[in-house]
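Visitor: One structure follows; several queries about it will come next.
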Amino acid sequence: MRSAERPFRVIVVGGGVGGLTAAHTLHRAGIDYVVLEKGLVAPPMGASIGIYPHGSRILEQIGCLADVEDECVTLGKSQNLLPDGRTIFSSDFFKYSRQYHGYPIPVLERRRFLEILYENTPDKSKIRSGTAVVDVIDHETGVKAILADGSVEDGDLILGVDGVHSNIRNIMWRNANAAVPGLITTAEKKSLICDWTALAGFSPTVPGMSNCNMTCTHYPGKSFLVIGQKKYTFWFVFFKNEETRYWPSSPRWTAQDAEKRAAECADCPISDTQVFGELWRSRVRGDLVNVEEGLFKHMYFGRIVLAGDAVHKMTPNIGLGGNASMESVVVLSNLLHRAVQAHPSGKPDKKMLETILEEYQTLRYDRMQKVIHFSGEATRLQAWDSLYYKTLSRVVPYLPDTTSAKRTAELIKAAAKLDYVPTSPVRKGTVAWEDDGQRALGAHQAAVSSVRRLIQIPVVLLSFGLSFFYLSGIKL
């Protein structure tokens with residue numbers, strides 16, 4: 001069908017969290033689409049994914065939340081341990097988060113999560129696996145995706161959600177610099193950094209192991225994160241690299257590399273009763289991976305736009321990456337839905353599309369800066385990346401138990417949902433969502449701000465005091 005005759009069409013490249021979410025959001029927007037995935041949909045890769053309340057709100061809108069929650073048990077305590085296994089802090093973070101937003105934080109195998117998104121897809125014929133895009137031709141009236149088998153997909157917009165090693169991003173950079181020499185600089189390309197490497201995987205949950213708690217064990221330059229669930233226990237071991245690596249120099253790791261890293265910390269306590277080596281020996285899956293973080297300035301060029309890890313990558317200690325990908329797809333879908341509804345022909349032209357993509361970039365850039373910084377701070381705090389972070393980790397137990405949940409709530413409440421799909425009237429918490437039109441501080445938010453101001457002075461005083469002890473060589 002010629003471009004002028006067909007409806008507005010989005011070509012989604014990547015069948016992961018962002019791509020499968022797009023299949024749902026575009027369908028509900030009444031926008032034609034196809035999802036092209038070069039490999040398998042829901043491959044046996046990765047460890048876990050955690051869904052925060054803003055992600056759960058989106059999943060509820062697209063009809064997937066109930067299946068996700070059925071896979072999980074409600075998370076209990078968030079615990080912090082010293083290298084010798086002693087507990088220094090135990091928090092009800094997850095309980096407070098449910099109270100604030102009305103949703104739990106389910107954690108499940110990433111592959112199973114992708115299966116749920118796919119199983120609930122309204123039209124599976126529009127999701128094509130084993131279909132690699134090798135080039136993109138951008139022209140005045142549309143865009144062509146050139147596939148590895150020589151065939152062509154025609155559309156009006158390419159959405160690249162093909163991961164941190166995005167080929168669509170590389171093509172977009174090439175097209176941008178061909179049209180506007182020097183637009184994409186080497187400095188921007190190198191804004192994706194890698195300070196950390198991680199062992200990531202999961203093991204069966206066996207008697208004696210918690211099936212609901214999350215435990216973080218601190219070490220200098222290293223940390224363990226273990227999350228118990230009814231079927232699997234998910235785990236991550238983060239290692240600080242000797243030097244910062246920049247795109248595209250991050251190495252690829254082998255199974256032998258993973259075994260070597262696991263052997264280095266096999267006897268490290270990860271709970272009151274277990275060491276890491278026990279989890280590693282019983283693993284279902286375990287890989288050594290790079291932990292990149294960064295935000296690219298240009299989120300679009302021409303008729304190509306990026307979302308997810310292809311454009312905003314964060315460390316996974318807090319677990320906000322998948323939520324951020326879903327959120328970006330939702331923001332873009334909202335803008336496209338409005339444009340299609342507003343245009344007389346239902347098909348936005350190139351000029352209107354550029355306006356939409358510029359607004360998308362403006363909305364997402366500042367938001368993702370905050371999320372990436374928030375995630376990076378958690379990574380550095382957990383691994384005692386400096387005296388400051390080690391001291392701060394020892395200050396936290398002296399703060400009110402609600403402190404972390406309240407700080408996270410400030411980030412969550414600003415997230416987007418689909419504008420054109422209803423939300424549940426039942427799932428209400430004590431913190432108002434900003435997009436519900438309740439931007440003014442209510443009693444709860446005012447209390448949060450007051451608490452934040454009140455704790456600033458003791459936090460500073462405690463930090464100075466604890467720093468003195470560490471610098472003086474006094475063990476705490």
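Visitor: Output the number of residues of segment 163-211 satisfying the condition of being under 30 Å from Thr87 (Cβ atoms), under 21 Å from the mean Cα position of the chain (by Cα) and not hydroxyl-bearing (Ser, Thr, Tyr). Don't jump to the end; show me each part of the working.
Guide: To start, the set of residues in segment 163-211 that are under 30 Å from Thr87 (Cβ atoms) comprises 195-211.
Then drop every residue that is not under 21 Å from the mean Cα position of the chain (by Cα), which leaves 195-202.
Subsequent filtering for residues that are not hydroxyl-bearing (Ser, Thr, Tyr) retains 195-196, 198-202.
Number satisfying all stated conditions: 7.
Visitor: Right, something else. Please determine, by comparing only the residues of segment 345-368 that are more than 20 Å from Gly160 (Cβ to Cβ) and of a type outside the set (A, V, I, L, M), which one is most open to solvent (accessible area, probe 1.4 Å). Walk me through it before giving the result.
Guide: Looking only at segment 345-368, we keep the residues that are more than 20 Å from Gly160 (Cβ to Cβ), and these are 345-347, 349, 351-352, 366.
Narrowing the set further to residues that are of a type outside the set (A, V, I, L, M) leaves 345-347, 349, 351, 366.
On the way: Ser345: 84, Gly346: 22, Lys347: 37, Asp349: 78, Lys351: 160, Asp366: 90 Å².
Filtering first and then ranking leaves Lys351.
Visitor: Looking only at segment 241-279, count every residue that is open to solvent by 20 Å² or more (accessible area, probe 1.4 Å), within 22 Å of Leu81 (Cα to Cα), touching a strand residue (DSSP E or B) at 6+ places or on another chain (Cβ under 9 Å) and hydrophobic (A, V, I, L, M, F, W, C) and tell me the total. Please lay out each step first, then the result.
Guide: Of all residues in segment 241-279, those open to solvent by 20 Å² or more (accessible area, probe 1.4 Å) come to 242-257, 259-261, 263-264, 266-267, 269, 271-275, 278.
Pick out the ones that are also within 22 Å of Leu81 (Cα to Cα) and you get 261, 263-264, 266-267, 269, 271-275, 278.
Subset that is touching a strand residue (DSSP E or B) at 6+ places or on another chain (Cβ under 9 Å): 261, 264, 266-267, 269, 271-272, 274-275, 278.
Among the residues that remain, those that are also hydrophobic (A, V, I, L, M, F, W, C) are: 266, 275.
Residues in segment 241-279 being open to solvent by 20 Å² or more (accessible area, probe 1.4 Å), within 22 Å of Leu81 (Cα to Cα), touching a strand residue (DSSP E or B) at 6+ places or on another chain (Cβ under 9 Å) and hydrophobic (A, V, I, L, M, F, W, C): 2 in total.
Visitor: Determine, yes or no, whether Ala179 is closer than 21 Å to Leu288 by Cβ and of a type outside the set (Phe, Trp, Tyr).
Guide: Details: closer than 21 Å to Leu288 by Cβ: no; of a type outside the set (Phe, Trp, Tyr): yes.
In short, no.
Visitor: Among the residues that make up segment 449-472, is at least one of them in contact with a Leu (Cβ under 9 Å, 6 or more places away or on another chain), at pLDDT 85 or above, part of a helix (DSSP H, G or I) and open to solvent by less than 40 Å² (accessible area, probe 1.4 Å)?
Guide: no
Visitor: Next up: With respect to the numbered conditions (1) acidic (Asp, Glu); (2) over 25 Å from Asn175 (Cβ atoms); (3) touching a helix residue (DSSP H, G or I) at 6+ places or on another chain (Cβ under 9 Å), which one is the sole condition not fulfilled by Asp366?
Guide: Here Asp366 meets the rest and fails (3).
Visitor: Can you name the residue in segment 403-428 that is β-branched (Val, Ile, Thr) and closer than 12 Å to Arg57 by Cα and is also most open to solvent (accessible area, probe 1.4 Å) among such residues? First the steps, then the outcome.
Guide: Residues of segment 403-428 β-branched (Val, Ile, Thr): 403, 408, 412, 421, 423, 426.
Then drop every residue that is not closer than 12 Å to Arg57 by Cα, which leaves 412, 421, 423, 426.
Details: Ile412: 3, Val421: 23, Thr423: 47, Val426: 121 Å².
If we take residues in segment 403-428 being β-branched (Val, Ile, Thr) and closer than 12 Å to Arg57 by Cα, then Val426 is most open to solvent (accessible area, probe 1.4 Å).
Visitor: Right, something else. In this structure, does Val34 turn out to be more than 25 Å from Pro106 (Cβ to Cβ), crowded, with 24+ Cβ neighbours inside 10 Å and either touching a helix residue (DSSP H, G or I) at 6+ places or on another chain (Cβ under 9 Å) or of a type in the set (Asp, Glu) (or both)? Write out each step before concluding.
Guide: Working: more than 25 Å from Pro106 (Cβ to Cβ): yes; crowded, with 24+ Cβ neighbours inside 10 Å: no; either touching a helix residue (DSSP H, G or I) at 6+ places or on another chain (Cβ under 9 Å) or of a type in the set (Asp, Glu) (or both): yes.
It is false that Val34 is more than 25 Å from Pro106 (Cβ to Cβ), crowded, with 24+ Cβ neighbours inside 10 Å and either touching a helix residue (DSSP H, G or I) at 6+ places or on another chain (Cβ under 9 Å) or of a type in the set (Asp, Glu) (or both).
Visitor: Same structure again: Could you check segment 128-156 and list, in sequence order, the residues that are touching a residue at least 24 places away in the same chain (Cβ under 8 Å) and either among the acidic types (Asp, Glu) or touching a helix residue (DSSP H, G or I) at 6+ places or on another chain (Cβ under 6 Å) (or both)?
Guide: Of everything in segment 128-156, those that are touching a residue at least 24 places away in the same chain (Cβ under 8 Å) and either among the acidic types (Asp, Glu) or touching a helix residue (DSSP H, G or I) at 6+ places or on another chain (Cβ under 6 Å) (or both) turn out to be Asp135, Val136, Asp138, Glu140, Glu153, Asp154, Asp156.
Visitor: Considering only residues that are open to solvent by 10 Å² or more (accessible area, probe 1.4 Å) and part of a strand (DSSP E or B), which ones fall in segment 300-333?
Guide: Listed by number, the residues that qualify are Tyr300, Phe301, Lys313.
Visitor: Check every one of the strands (runs of 3 or more DSSP E) wholly within segment 54-115 and list those with 3 or more residues that are closer than 20 Å to Leu399 by Cβ. Let's see the steps before the verdict.
Guide: Values: elements: 78-81, 87-91, 107-109.
Correct list: 78-81, 87-91.
Visitor: In addition: Here are the criteria: (1) assigned to a loop (DSSP other than H, G, I, E, B); (2) surrounded by 20 or more Cβ atoms within 10 Å (Cβ to Cβ). Tell me which single one Lys297 does not satisfy.
Guide: The one condition Lys297 does not meet is (2).
Visitor: A further question on this structure: Return the total of residues in segment 124-149 being among the aliphatic types (A, V, I, L, M) and buried (at least 19 other Cβ atoms within 10 Å of the Cβ). Lay out the reasoning, then the answer.
Guide: Our first condition is that a residue be among the aliphatic types (A, V, I, L, M); within segment 124-149, this holds for 127, 132-134, 136-137, 143, 145-148.
Going one step further and asking which of them are buried (at least 19 other Cβ atoms within 10 Å of the Cβ), we end up with 127, 133, 136, 143, 145.
The number of residues fulfilling the criteria is 5.
Visitor: Another question, then. Mind listing whichever residues of segment 383-428 are polar (S, T, N, Q) and under 30 Å from His24 (Cα atoms)? Let's see the steps before the verdict.
Guide: Applying the first criterion (polar (S, T, N, Q)) to segment 383-428 yields 386, 391, 393, 402-404, 408, 423-424.
Matches in segment 383-428: Thr408, Thr423, Ser424.
Visitor: Which residue, of Thr215, Thr233, Thr205, Thr244, is among the polar types (S, T, N, Q) and either over 28 Å from Phe93 (Cα atoms) or in contact with a Pro (Cβ under 6 Å, 6 or more places away or on another chain) (or both)? Don't jump to the end; show me each part of the working.
Guide: Numbers: Thr215 fails: either over 28 Å from Phe93 (Cα atoms) or in contact with a Pro (Cβ under 6 Å, 6 or more places away or on another chain) (or both); Thr233 fails: either over 28 Å from Phe93 (Cα atoms) or in contact with a Pro (Cβ under 6 Å, 6 or more places away or on another chain) (or both); Thr205 fails: either over 28 Å from Phe93 (Cα atoms) or in contact with a Pro (Cβ under 6 Å, 6 or more places away or on another chain) (or both).
From the options Thr215, Thr233, Thr205, Thr244, the qualifying one is Thr244.
Visitor: Consider segment 16-40. How many of its residues are more than 30 Å from Gly102 (Cβ to Cβ) and either touching an Asp or Glu at 6+ places or on another chain (Cβ under 8 Å) or in a strand (DSSP E or B) (or both)?
Guide: Residues of segment 16-40 more than 30 Å from Gly102 (Cβ to Cβ): 32-40.
Imposing the further condition that a residue be either touching an Asp or Glu at 6+ places or on another chain (Cβ under 8 Å) or in a strand (DSSP E or B) (or both) reduces the set to 32-36, 38.
Within segment 16-40, residues that are more than 30 Å from Gly102 (Cβ to Cβ) and either touching an Asp or Glu at 6+ places or on another chain (Cβ under 8 Å) or in a strand (DSSP E or B) (or both) number 6.
Visitor: Out of all the residues in segment 382-389, is one or more over 26 Å from Pro83 (Cβ atoms) and either in a helix (DSSP H, G or I) or basic (Lys, Arg) (or both)? Walk me through it before giving the result.
Guide: Restricting attention to segment 382-389, the residues satisfying the condition of being over 26 Å from Pro83 (Cβ atoms) are none.
The answer is no; no qualifying residue exists.
Visitor: Which residue is nearest to the chain's Cα centre (by Cα), if the candidates are limited to segment 404-420 and must be more than 14 Å from Ala432 (Cβ to Cβ) and assigned to a loop (DSSP other than H, G, I, E, B)?
Guide: In this case the residue turns out to be Ala416.
Visitor: Are there any pairs with C-beta distances below 8 angstrom linking a residue in segment 334-361 that is in a loop (DSSP other than H, G, I, E, B) to a residue that is buried (at least 17 other Cβ atoms within 10 Å of the Cβ) and not aliphatic (A, V, I, L, M), with the two at least 6 apart or on different chains, and if so which?
Guide: Gly346/Phe8; Lys347/Phe8; Lys347/Asp156; Pro348/Phe8; Pro348/Asp156
Visitor: So which of Gly160, Gly182, Gly150 is within 23 Å of Met326 (Cα to Cα) and at pLDDT 95 or above? Steps first, please.
Guide: On the way: Gly182 fails: within 23 Å of Met326 (Cα to Cα); Gly150 fails: within 23 Å of Met326 (Cα to Cα).
The unique qualifying residue is Gly160.
Visitor: Now for a different question. Pairs, please: C-beta under 6 Å, at least 6 apart or cross-chain, first residue on the phi > 0 side of the Ramachandran plot and at pLDDT below 95 and in segment 104-125, second assigned to a helix (DSSP H, G or I) and open to solvent by less than 10 Å² (accessible area, probe 1.4 Å)?
Guide: none
The values are calculated or read from the model by the stated rules, or taken from the named source; none is laboratory data. No experiment lies behind these values; they were computed from the predicted model shown. Heads up, the Cβs are rebuilt from the backbone with ideal geometry, glycines too, and the neighbour counts pull from every protein chain shown. When the accessible area is computed, the model is the full protein with side chains, heavy atoms only, and any ligands, DNA or RNA have been set aside. Shrake-Rupley method; radii C 1.70, N 1.55, O 1.52, S 1.80 Å.
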